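Each remark here refers to the structure printed beneath this line.
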Amino acid sequence: MDRRSAVMGLAMVATTSTGTASAAPAQTKPQHRILNPHAASAYCQAHEVSDFKRLLFISGQIPVDKDDKVPPDFKSQARQVWANIGAQLKAAGMTLDDLVKITVFLSDRRYRKDNYEVRKEILGERAPALTIIITGIYDEAWLLEIEAVAAA
């Protein structure tokens with residue numbers, strides 16, 4: 001199956017020498033390869049994915065729950081953002097294992113350590129490529145926002 005067909009999710013049916021159709025080959029799981037040429041780095045520098053069929057681009061998720069409430073402290077806000085990302089992944093039939101890239105927007109440098117701790121708590125050994133940007137956030141009550149890309 002060529003890359004275009006794979007990305008568009010089209011099924012391929014093989015034809016035997018007698019001209020009859022046979023079932024398409026069994027689906028393979030995406031192959032992940034973490035590239036970290038500078039081993040001293042505390043994060044994944046590159047995350048290669050091959051043999052995938054779908055990409056999911058998750059818009060920036062904010063620390064607002066289903067009742068439109070914003071938690072009061074950074075770690076609670078970070079956990080809420082990750083819960084929102086999890087909900088988007090679930091809606092697409094994906095999990096945290098499918099994440100390949102995350103971009104974290106922090107409202108202040110002082111949240112670096114707490115951000116790292118919550119990210120490790122949520123992701124464990126998963127290693128999507130990572131960018132962290134210190135910036136102004138749309139709503140002053142929000143201390144972070146995270147966008148993500150997943151491949152399955």
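Numbers below:
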read-out: Stretchable slack from GLU117 to ILE133, in nm (0.36 nm times residue separation minus alpha-carbon distance); value: 4.1 nm
read-out: Under 13 Å, Cβ to Cβ, from ILE122 - net charge with Lys/Arg +1 and Asp/Glu -1; value: 0
read-out: SER59 versus ARG79: modelled label distance in nm, points set 7 Å from Cα along the beta carbon direction; value: 2.7
read-out: Dipole in debye (nearest 20) - segment 101-149, about Cα centre, beta carbon charges: Lys, Arg +1; Asp, Glu -1; value: 280
read-out: Prolate/oblate/rounded label for segment 57-112 (Cα gyration tensor, a/c 1.5); value: oblate
read-out: Cβ-based charge dipole, segment 41-115, positive-most Cα from GLY93, SER76, PHE52; value: SER76
read-out: Set of lysines with alpha-carbon distance to LYS113 below 23 Å, sequence-local pairs under 8 removed; value: LYS75, LYS101
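Any read-out appearing in this document is the output of simple, stated calculations on the displayed coordinates, not a laboratory observation. Model, not experiment: these values are computed from the prediction. Positions of Cβ are generated from backbone atoms using ideal geometry, with glycine treated the same way; all protein chains shown enter the neighbour counts.
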